[in-house]
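A quick write-up on the structure given underneath.
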Amino acid sequence: MSVAELEHLAKKEKRSRIKVRYLAICHFLEGKSRTEIARYLRVARGSVNKWVTLYLTDGIDSLKDTPNPGRPSRLTPQQLESVAAFVKERSSSTYGGRLQAKDVGEFIHTQFGVEYEGRNVYRLLHQLGFSWITSRSKHPKQNEEAQRLFKNFLMETILNTPGHLPLDRIDVWFQDEARFGQQNTTTRVWALKGSRPRAIKQQQFEYAYLFGAVCPSNGKTEALITPCSNKEVMIEHLSLISQTTPLGRHAVVIMDGAGWHQLSLADEFDNLTIIKLPPYSPELNPVEQVWQWMRQNELANRCFDGYDDIVNQCTKAWNSFRSERSRVKRICDRDWINLVS
């Protein structure tokens, strides 16, 4: 291979360590000594010797990186599968407690007679596809089968909406309400290492209810802030959704089973239908993520002077959320609500 061809390879190579090897061979072919090459490229002379020897023996391809499988695992593939099954079973156990690295190490030692240090247990768990993550809460009465059936949303919609309506004229909305007040939340903040900055945590009890609804398909939102939560407020909120639904279209509003979320409320509106979520299934309602976004990004780590201030700040937080329709769609869209492919 000519010097010009090697220089062309070096220019195309993105990995700096391989590029240096190609350049070393270029200089070698131009007649430079190995000491001069090492000084010019600022590498060890022993490295230059190794690269030149590889090139002269096996050609230019020998300068590329070869896979390094590392030390072979002390456990067989079948034993690794057993470890993975043990971790999966313990992570979903209903008996409480927390699986730790020492527990995994004890399982491996008891079952296979192999001892692992704690740091090597962590490395093994990562290799098996596990990570240290926060678990999600789940109500003990939650029915996963009911959730799975609910996600057959196409049939659920057909059964609950007027038969003359084509699916492409139906807008799916998610609705929920949350309480915001002086018993506010605190969150993580960026701060100097070793410090633990204080955040305001009020002791008063004034609060307001924010009724929110989102339509992921078009990014529209409707909200209402009130001092209480009841049937009358719910009707007013549904009225806002009904009014924003264009003529000739129909709104399907998905909500949980709160006492004031009654199916009969939809009887007052010609263009609106209510569909209830399965019991104890807040994860099916993306408005829960909206509340989380508002608390984390707008409302946490602050105090409120009173009810009026709570209303003002909640209004600003909701308007901040809805200011970008792309964010509304990103947070609230779910594959299973798409009625038209």
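Scan Arg325, Arg334, Arg330 and give me the residue that is open to solvent by less than 60 Å² (accessible area, probe 1.4 Å), over 26 Å from Pro227 (Cβ atoms) and basic (Lys, Arg).
Numbers: Arg325 fails: open to solvent by less than 60 Å² (accessible area, probe 1.4 Å); Arg330 fails: open to solvent by less than 60 Å² (accessible area, probe 1.4 Å).
None of the others qualify; the one that does is Arg334.
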- Message: Can you tell me which condition Ser217 does not meet? The list is (1) more than 23 Å from Trp293 (Cβ to Cβ); (2) part of a loop (DSSP other than H, G, I, E, B); (3) polar (S, T, N, Q), and all the others hold.
- Response: (1)
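Take region 287-318 and flag every residue that is of a type outside the set (A, V, I, L, M) and touching a strand residue (DSSP E or B) at 6+ places or on another chain (Cβ under 9 Å). Don't jump to the end; show me each part of the working.
To start, the set of residues in region 287-318 that are of a type outside the set (A, V, I, L, M) comprises 288-289, 291-293, 295-298, 301-309, 312-316, 318.
Of everything in region 287-318, those that are of a type outside the set (A, V, I, L, M) and touching a strand residue (DSSP E or B) at 6+ places or on another chain (Cβ under 9 Å) turn out to be Glu288, Trp291, Arg295, Phe304, Tyr307, Gln313, Cys314, Thr315, Trp318.
Could you tell me whether any residue of region 220-242 is within 20 Å of Lys329 (Cβ to Cβ) and touching a Ser or Thr at 6+ places or on another chain (Cβ under 7 Å)? Lay out the reasoning, then the answer.
From region 220-242, those within 20 Å of Lys329 (Cβ to Cβ) are 220-223, 240-241; that's our starting set.
Okay, now just the ones that are also touching a Ser or Thr at 6+ places or on another chain (Cβ under 7 Å), so 220, 222.
Scanning region 220-242 turns up at least one residue that is within 20 Å of Lys329 (Cβ to Cβ) and touching a Ser or Thr at 6+ places or on another chain (Cβ under 7 Å).
Would you confirm, using the coordinates I've provided, whether Thr226 is in contact with a strand residue (DSSP E or B) (Cβ under 6 Å, 6 or more places away or on another chain) and within 29 Å of Phe150 (Cα to Cα)? Spell out the reasoning first.
Working: in contact with a strand residue (DSSP E or B) (Cβ under 6 Å, 6 or more places away or on another chain): yes; within 29 Å of Phe150 (Cα to Cα): no.
So Thr226 fails the test.
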- What number of residues within region 41-73 satisfy the criterion of being within 19 Å of Leu9 (Cα to Cα) and of a type outside the set (S, T, N, Q)? 14
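Where residues in region 302-322 are open to solvent by 50 Å² or more (accessible area, probe 1.4 Å) and touching a residue at least 24 places away in the same chain (Cβ under 8 Å), which of them is nearest to Lys220 (Cα to Cα)? Steps first, answer last, please.
First, the residues of region 302-322 that are open to solvent by 50 Å² or more (accessible area, probe 1.4 Å): 302-303, 305, 307-308, 312, 315-316, 319, 322.
Those still in the list that are touching a residue at least 24 places away in the same chain (Cβ under 8 Å) too: 302-303, 307, 315, 322.
Values: Arg302: 28, Cys303: 30, Tyr307: 27, Thr315: 16, Arg322: 8 Å.
Going through the qualifying residues, I end up with Arg322.
Table: residues versus (1) hydrophobic (A, V, I, L, M, F, W, C); (2) surrounded by 13 or more Cβ atoms within 10 Å (Cβ to Cβ); (3) outside any helix (DSSP H, G or I); (4) modelled with pLDDT under 90.
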position	(1), (2), (3), (4)
Ile37	yes, yes, no, no
Gly46	no, no, no, no
Leu54	yes, yes, no, no
Thr66	no, no, yes, yes
- Query: Being in a loop (DSSP other than H, G, I, E, B), modelled with pLDDT under 90, aliphatic (A, V, I, L, M) and within 23 Å of the chain's Cα centre (by Cα), is that true of even one residue in region 188-207?
  - Reply: yes
- Kindly list, by first and then second residue, each pair from a residue in region 60-84 that is acidic (Asp, Glu) to a residue that is outside any helix (DSSP H, G or I), limited to pairs with Cβ atoms under 8 Å and residues at least 6 apart or on different chains. Asp65/Arg15
- Item | Only one of Cys228, Cys215 that is open to solvent by 10 Å² or more (accessible area, probe 1.4 Å) and either on the phi > 0 side of the Ramachandran plot or of a type outside the set (Asp, Glu) (or both) | Cys228
- Item | Members of region 17-35 that are more than 16 Å from Asp61 (Cα to Cα) and either surrounded by 15 or more Cβ atoms within 10 Å (Cβ to Cβ) or under 43 Å from the mean Cα position of the chain (by Cα) (or both) | His27, Phe28, Lys32, Arg34
- Message: All but one of (1) more than 26 Å from the chain's Cα centre (by Cα); (2) loosely packed, with under 14 Cβ neighbours inside 10 Å hold for Asn297; state the number of the condition that does not hold.
- Response: (1)
- Members of region 70-116 found to be charged (D, E, K, R), under 21 Å from Trp132 (Cβ atoms) and touching a helix residue (DSSP H, G or I) at 6+ places or on another chain (Cβ under 7 Å), listed by number: Lys102
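Against the definition (assigned to a helix (DSSP H, G or I) and either small (Gly, Ala, Ser) or more than 24 Å from Leu149 (Cβ to Cβ) (or both)), how does Gln243 come out, yes or no? Steps first, please.
Values: assigned to a helix (DSSP H, G or I): yes; either small (Gly, Ala, Ser) or more than 24 Å from Leu149 (Cβ to Cβ) (or both): yes.
In short, yes.
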- If you scan region 243-263, which residues turn out to be open to solvent by less than 20 Å² (accessible area, probe 1.4 Å), closer than 22 Å to Gly163 by Cβ and more than 29 Å from the chain's Cα centre (by Cα)? Thr245, His250
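Which residue is surrounded by the fewest Cβ atoms within 10 Å (Cβ to Cβ), if the candidates are limited to region 152-180 and must be closer than 22 Å to Cys228 by Cα and of a type outside the set (S, T, N, Q)?
Here is the first cut: in region 152-180, the residues closer than 22 Å to Cys228 by Cα are 174-180.
Pick out the ones that are also of a type outside the set (S, T, N, Q) and you get 174, 176-180.
On the way: Phe174: 25, Asp176: 22, Glu177: 24, Ala178: 18, Arg179: 12, Phe180: 22.
Of everything passing the filter in region 152-180, Arg179 is surrounded by the fewest Cβ atoms within 10 Å (Cβ to Cβ).
The values are calculated or read from the model by the stated rules, or taken from the named source; none is laboratory data. Here the structure is a predicted model, which is why all the values come from computation and not from measurement. Heads up, the Cβs are rebuilt from the backbone with ideal geometry, glycines too, and the neighbour counts pull from every protein chain shown. The area values use the complete protein model at the heavy-atom level, side chains included, leaving out ligands, DNA and RNA. Shrake-Rupley method; radii C 1.70, N 1.55, O 1.52, S 1.80 Å.
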